[in-house]
Amino acid sequence: MSEKWMGCPACGSRIPVISGYSSWCDHCHFNLNPAQEQKKETFLGKAYEALGRKNGEQLLYKLMKSSAQKPSITIQGVIAYFLSALVHLVSLGLAAAAGYLVWMGSDKFFLLFTAALLLGISWVARPKVDRLEKDESVLTREDLPEFFRLVDSITNELGVNKIDGAVLNGEFNASIGRYGWKKRVIIKVGLPLFSILTAEEKKALLAHEIGHVANGDLARGFFIGTALNTLRIWHEIVKPEELHEGQSGGLLKIVSSFILKALSFFPRTYSDLLLYFLYFNKQQAEYFADYTGASIAGTEPAITLLEKIEYGRLYEYSIRKTALSSEKLNLYHCLNDEINHLPKREKSRYRKIAELEKSKVDDTHPPTYFRVKYLQSKKHLQKKADVDMRQFKSIQQELFCFENAIQNAVTEEYWYYHS
């Protein structure tokens, strides 16, 4: 890669130009993050972000000086429970009102019709649990014996119940959650992300996710979690379809769109309000999950894992490159090659973006820079046991069987949205 120089359009400083990568200024940070996401537009969304700017650093230093603790119930948590209870009472109240109307006027058509209407609305407004997508196949210990042997060893170390199943997908991420009314705990692992991690980082990733099962995150609990999910569904149901440029809607469609947009404001704002009161609990729960990953795999792998998770845009580029190539490229090899040949200056850009991200417009994670600083304060943590490289090779062989199908699904999705 040839390196040239240019003057910064903003401050005139001399900045290097590396072919194929963003040119940014060290002094004024011009073009540091050209693809920066838009900020939340709602009033409470902005208030949430302001809360992060004001208190995020204060919470970080408090946790850095203390031993790792799960979040405890606070007055904000009590308010969150109260707000969630109101959400659940909506469908219950509608169903109760319908039953009362049936009891009062079993022989009156209008009351029965009203009762049926209320029952229909209560069904739509009923509490919603997280469900897996139809195309998500849950794998068990019989499907991935070595993978689950590692997962079970981590759950044993942390003293939590065993995971019920795993879903492998094409996301550059990993997650864990409770699904369905049976509350099955399912861990989701994105093979692209897993493919770029060392054995220690993979262990840290799994330990971090499993840490969420027992870290006191109220939003992941059944009562508040279903309330948040219900509000999201309500907003999606009421929210009108956006009119595309050049598309005429007519007076009736414009009026109905305005009414629906006004109605959708309430569940969205109520959800922001609930998340506002969950802020400290969710942030502290995420730090505790980071601590869990470091306590199992060691501090250094937990830190380098966080740095690699920031390479999501390289993954998007690798998808595009794989999908558009006339040759049959391997997505995972392409992604690893991009990361292995990443210039030092580009790595510095990712670190600088994370460092300047003092508050994150995200209702789950603290800024990556804060999380790294937190883990650096826990340097005394050592991994509990050396990784068994033979086990990780066996896991890699198990996961290899799913790589091709996931690559095909990812490239098909790319063409679906870009055709």
Taking +1 at the Cβ of each Lys and Arg and -1 at the Cβ of each Asp and Glu, which of Ser377, Gly298, Thr74 sits farthest along the dipole of the chain towards its positive end, judged by Cα position relative to the Cα centre? Thr74
Could you compute the net charge surrounding Val410? Neighbours are other residues with a C-beta less than 13 Å from the C-beta of Val410; K and R count +1, D and E count -1. -4
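With a 1.4 Å probe and all protein chains left in place, how much of the accessible area of the chain comes from carbon and sulfur atoms, in whole percent? Intermediate results must be reported in sequence, preceding the final value.
On the way: 13170 of 23530 Å².
The nonpolar share, carbon plus sulfur, comes to 56 percent.
Based on the Kirkwood radius over alpha-carbon pairs, what is the Stokes-Einstein translational diffusion coefficient of the chain at 10 °C with 1.306 mPa s viscosity, in µm²/s? Don't skip to the answer; put the middle values down first.
On the way: Rh = 24.4 Å.
For these conditions, the coefficient is 65 µm²/s.
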Neighbourhood charge, 15 Å Cβ-Cβ cut-off, centred on Leu92 and excluding it, Lys, Arg +1 and Asp, Glu -1: +2
Do you know the Lys pair count in region 104-198 for C-alpha distances under 24 Å, with sequence separation 8 or more or different chains? 10
Kindly express, to the nearest 10 degrees and within the range 0 to 90, the angle between helix 199-211's C-alpha long axis and the longest C-alpha principal axis of the chain. 20 degrees
How far is it, in nm, from the label point at Glu57 to the one at Phe265 when both lie 7 Å from their Cα along the line to the Cβ? 3.5 nm
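I'd like to check one number: the per residue accessible area of the chain, probe 1.4 Å, reported in Å² as a whole number. Working shown, then result.
Numbers: 23530 Å² over 419 residues.
The answer is 56 Å² per residue.
How do 162-171, 80-89, 297-306, 128-137 rank on mean C-beta neighbours within 10 Å, highest first? Show your work: numbers first, answer last.
Working: 162-171: 19.3, 80-89: 17.3, 297-306: 23.1, 128-137: 12.6.
Result, highest mean Cβ count within 10 Å first: 297-306, 162-171, 80-89, 128-137.
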Cysteines of the chain lacking any other cysteine beta carbon under 4.7 Å? Cys334, Cys401
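The values are calculated or read from the model by the stated rules, or taken from the named source; none is laboratory data. Being a predicted model, the structure only gives us computed values, none of them experimental. Every residue, glycine as well, gets a Cβ built from its backbone with ideal geometry; the counts of neighbours run over all protein chains shown. All accessible areas refer to the heavy atoms of the entire protein, side chains included, with ligands and DNA or RNA removed. Shrake-Rupley method; radii C 1.70, N 1.55, O 1.52, S 1.80 Å.
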